Amino acid sequence: MRYQDLILPILISIPLIIIQIVVVPFFSIDNIGPDLLLILVVYFAVKFGQINGLTVGFIIGMMFDLSSGGLLGSAMFSKTLAGFIAGYFHNETSVDTNLSTYNFSLIVLLCAIIDSATYSILGGSLVNLSTAALIINNGLFPGLYTSALSMPLFIFRSKRSFN
Amino acid sequence: MRKFISYLLQNFKEYLLLIILLVTSLTLLSQNDKKGIEKIRTFAFGNFAFVTASLNSLANIFVDNDELNQLRIQNAELMLEVNRLRNYALENHELRNLMNYKDTSSFPFVPAEVISKLISNTQHNFIINVGNKDSVYKGMGVINEKGLIGLISEAHSNFSMVRTIKNARLKIAVTNQRSGVSGIMTWDGTHLIIKNIPSNYDFQMGDRIVTSDFSTIMPPMVSVGIVTKKEITVSGQLSNIQVEPFVDLNKISDLFVLKIIPSKQIDSLQLNLMAQ
């Protein structure tokens, strides 16, 4: 793992955190919105591997917790876990395939479901969430939204690699 | 041991790092209420909020903030006014309820008509068309819109006898409304007189006389008449107060019986006064 591979995502994450906190709430539906930071974590995890993914997830999660005023540790935990899972799809020979096709959106969907559900459990430990609510409302819907928003990224990347 | 550790680090470094980072996250999560963590969060949140506020102000540079602020102020003022009006409505409702309670509880009336009049200088009585069937009983007061007329001296099933204020057998506790001095008023055959009032008591011409709080037969503050004359007796220590009634008994045809049942014990005492 190179330091440059950590610095770049952290630099990108700063404006993304601002957008996530200021702009995304305008596009949220019933408190369900896309997670731009997760797309970034998944992207770097798929591109550079598990260690890079979970480290980036941890740092970005910590920055998000500190900047959003949420419970310190909740986003750290969920983003670390998501980065680790996304890192499983890292393969030196198939990086471009995973990042430039629908695979990326599917990886984002899987990671987003886990990330959202974990964040809900840790952030709302005093709330009695049913299993169905946990999976559907706090996992699947945000995951689908995030996954849909990740599509432009791989479409843009695939066109770029094609050119 | 070193070989084992190096083996773990080489083959399971991702898992080890994952465990370390997750444990760190959970540890921080459990320490959120600690003052040190709170200070860090506050510092980070405050600084980041400054950045987002600056960006927001840049984004809103083309928005007319003055007009928006004025509208917000107006909105808040209107909200407060609505709350004030709501309070007034509640107060009004309560006051109206109180007034209704006072009205209905203090002055239940039974309307009646005068059937016959016994005209006499000492035995002035009326017979009216309401009785026990109308919940009218002995001792109840009789008034009209101008003031006191008398009280029910006898009650039958459909009719009752009213002993008027111009009946010598009727004695009523009254009060000077201005000075609050009380006395017993009676008919002396020509005038309504409050007898044996100490001369130094405050009675002046034109003072209004009303029924007294001491009476359980009549409700207090029912108008009776006005003071027209003050006569000092021969000894000079006492005086008699002459009262002109508000009610013209000769012209009365309609009246009201006050449906107030007096205390039996005090009633008997007052009826004794009546019998004297």
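Quick notes
- Ordering A:8-17, A:80-89 by mean Cβ neighbour count within 10 Å, with the highest value first, yields A:80-89, A:8-17.
- Under Karplus coefficients 6.51, -1.76 and 1.60, residue-wise ³J(HN,Hα) of region A:144-157 in Hz, glycine/proline x: 5, 5, 5, 5, 5, 6, 7, 4, x, 5, 6, 5, 4, 5
- Here the Karplus relation 6.51 cos²θ - 1.76 cosθ + 1.60, evaluated at θ = phi - 60°, turns the backbone of region A:63-72 into coupling constants of 4, 5, 4, 5, 7, 8, x, x, 5, 5 Hz, with x for every Gly and Pro.
- Label point distance in nm, B:T233-A:L8, each placed 7 Å from Cα along Cα→Cβ: 12.2 nm
- Between helix A:36-48 and chain A there is an angle of about 40 degrees, using the helix long axis and the longest principal axis of the Cα atoms.
- For B:H156, the residues whose modelled amide H falls within less than 5 Å of its own, excluding neighbours fewer than 5 places apart on the same chain, are B:N132, B:M161.
- Counting 0.36 nm for each residue step from B:S157 to B:T42 and taking away their Cα separation leaves a gain of 32.7 nm.
- Approximate shape of region A:1-70 as ellipsoid semi-axes (Cα gyration tensor, √5λ), whole Å, largest first: 23, 12, 10
- For B:V181, distant residues with modelled amide H under 5 Å away: B:N176
- Once the Cα-Cα distance is subtracted from the 0.36 nm per residue extended length, the B:K259 to B:L78 segment shows a gain of 60.2 nm.
- In nm, spacing of pseudo-spin labels at B:K34 and B:N144 (7 Å Cα→C-beta vector): 9.3 nm
- J(HN,Hα) series, region A:17-34, from Karplus relation 6.51 cos²θ - 1.76 cosθ + 1.60, nearest Hz, glycine and proline x: 5, 4, 5, 4, 8, 9, 8, 4, x, 5, 9, 7, 10, 6, 6, 10, x, x
- Shielding by partners - mean other protein chain Cβ count within 10 Å, residues of A:55-66: 3
- Taken across both chains, chains B and A shield about 2100 Å² of accessible surface from a 1.4 Å probe.
- The modelled label-to-label distance between B:K3 and B:Y88, using points 7 Å beyond Cα along the C-beta direction, is 9.4 nm.
- Annotation: amide H of B:G225 within the under-5 Å range of B:I209, B:F246, sequence separation 5 or more or interchain, hydrogens built in the peptide plane.
The values are calculated or read from the model by the stated rules, or taken from the named source; none is laboratory data. Only a predicted model underlies this, so the values are computations on that prediction, with no experimental measurement involved. Cβ: placed from backbone, ideal geometry, glycine included. Neighbour counts: every protein chain shown. To get the accessible areas, we keep the full protein, side chains included, count just its heavy atoms, and leave off ligands, DNA and RNA. Shrake-Rupley method; radii C 1.70, N 1.55, O 1.52, S 1.80 Å.
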